[in-house]
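As structure tokens, the structure follows; a few thoughts come after it.
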Amino acid sequence: MEKAFNLQFYIDQFTLARNWLVENALALSIATFGQLLVIGLLFIAVQPVATYLRGRLDQVPELPRFEPPLQWIETPLRWIAATITPLVRPILWLFLQWLTLGVVNYFELPNQLILTAASLTTAWIVIRFSTSFVRNETVSRLISVIAWTIAALNIVGLLTPTLELLDSKAFTVGALRVSGLTVINTLLSLTITLWLAAMAGRFLEHRVMASLSLSPSMQVLIVKLFKIFVVAIAVMLALYAVGIDLTIFAVFSGAIGIGIGFGLQKAVANFVSGITILLENSIKLGDVITVGDTYGWVNSLGARFVSVLTRDGVEYLIPNEDLITQQVVNWSHSDDRVRLKAPFGVAYSSNLRQVIALCLEAAAESPRVIDEPKPVCLLMGFGDSSVDFELRFWIRDPRNGFSNVKSDVLLRVWDKFQANNISMPFPQRDIHIISSPKDGETGPQNDRTAMQTVDGAGAENVAAK
């Protein structure tokens, strides 16, 4: 900790850097030319081997498909080949550089330029390799800055003093010593292990989702549980790698339990509800459901909510707990066939058997109506103004909507009724104006007139005074 505030320490490091610059960058000695010559010869030596290996790697996409049970290695093998191919030459060059450094150090020969070339090549390979799979521009730049910084410190001989300086700033929490170097190592370890866990999760997700022997709900459940497991393992490995004793976290277990019980109650309830839904297989990807006033199909199953996409293009995020505690209509839970009903009425003068035949023809002509079970048209009763019917038919694609197929069927029914002179009646009212009784006249006569009007016309009468 004292080095951080010691001015002489920084002066000494500056002096070392200046001496290195004078001795290595400005002094054109035979050793310097010798190191440059060795670096050039190493680069030339890797060319034939790199050309051969690149040719072999370019043939990987053309290889025949792997047969079970080895088909799972096909995707990662092709990805590795595509990623490593442009890096074959610098990787071989770097390998020879580090091998040469070992020989030079053994014989205690000058090696600063070779070490500089090796450090710069290592940084370039790390940056190029990381940017091949890191899509986030900010993260990619951060990796580049870290790699070039480490390479620069290593070249000028300040890497070890910098690490010592970071490690000198520390404080103690119980039996744990926390320093700047510990924090950096922890962050780097977490980043690497979490990235590996994410890669493993995505690989398993592709494999599980491609399996035809598992139901969609079991696929989602396996992927979710595996991701939670690998993330937990990654965190524990990262903490263990930097020397943090995991038993110290036992102190916080009680506080974490209380926090889950109060602050995270809803989150835990939704998570447990999501696991229950997946285990019971009550809601699957692609199911058409109705929750309250929301009608749509399940677009995704999450740990906290279910995404329901409606035909309006609106996506509703419904908490898993609501799907457990509320009534949910699943139109395609065990069977994707759904029966729809279309009521209508015709005039009493119509040929009822012809009406039924025309309705069945109209339903059969609709492209979304299936043949089995067959459509039926039932006489439901004799109404005040019409004979009431109900046309029932089945569809197999409920996610495409109900109202549109009803509209199509009823429009076909209307066209057939118009072509066969079958009318659909509407209520009619006859209004009879009855004058009030004159002076000296009794009321029964007028009452008798009104009653005769009702008997003579089968419509509603409205008396107006």
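The values are calculated or read from the model by the stated rules, or taken from the named source; none is laboratory data. What you are looking at is a predicted structure, and each value in this text was computed from that prediction instead of being measured. Because the Cβ atoms are built from the backbone with ideal geometry, glycine has one as well, and the counts that use them run over all protein chains shown.
For (1) at pLDDT below 75; (2) of a type in the set (Phe, Trp, Tyr); (3) in the same structural domain as Leu190 (by TED's automatic domain parsing), each residue gets a yes or a no:
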site: Ala238; (1), (2), (3): no, no, yes
site: Ile248; (1), (2), (3): yes, no, yes
site: Gly257; (1), (2), (3): yes, no, yes
site: Val272; (1), (2), (3): no, no, no
site: Ile277; (1), (2), (3): no, no, no
site: Ser282; (1), (2), (3): no, no, no
site: Thr290; (1), (2), (3): no, no, no
site: Tyr295; (1), (2), (3): no, yes, no
site: Thr325; (1), (2), (3): no, no, no
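Of Ile324, Ile318, which residue is among the β-branched types (Val, Ile, Thr), assigned to a helix (DSSP H, G or I) and surrounded by 15 or more Cβ atoms within 10 Å (Cβ to Cβ)?
Working: Ile318 fails: assigned to a helix (DSSP H, G or I).
Step by step, each of Ile324, Ile318 is checked, and only Ile324 is among the β-branched types (Val, Ile, Thr), assigned to a helix (DSSP H, G or I) and surrounded by 15 or more Cβ atoms within 10 Å (Cβ to Cβ).
The set of residues in the stretch 300-320 that are modelled with pLDDT of 85 or more and charged (D, E, K, R) contains only Glu315.
How do the pairs read when you match residues in the stretch 272-287 that are at positive phi with residues anywhere that are assigned to a loop (DSSP other than H, G, I, E, B), using Cβ under 8 Å and keeping only pairs 6 or more apart or on different chains? Matching pairs, first to second residue: Asn281/Ser215; Gly286/Ser332. The lone criterion from (1) of a type in the set (Val, Ile, Thr); (2) in contact (Cβ under 8 Å) with a residue 12 or more places away in the chain; (3) over 28 Å from Val60 (Cβ atoms) left unmet by Thr149 is number (2). One residue stands out in the stretch 35-92 among those that are surrounded by 13 or more Cβ atoms within 10 Å (Cβ to Cβ) and among the aromatic types (Phe, Trp, Tyr): the one that is modelled with the highest pLDDT, namely Phe43.
Considered as a group, the residues in the stretch 396-409 that are farther than 16 Å from Ile289 by Cβ and either not assigned by TED's automatic domain parsing to the domain that holds Asn351 or not hydroxyl-bearing (Ser, Thr, Tyr) (or both) include one that is nearest to the chain's Cα centre (by Cα), and that residue is Arg396.
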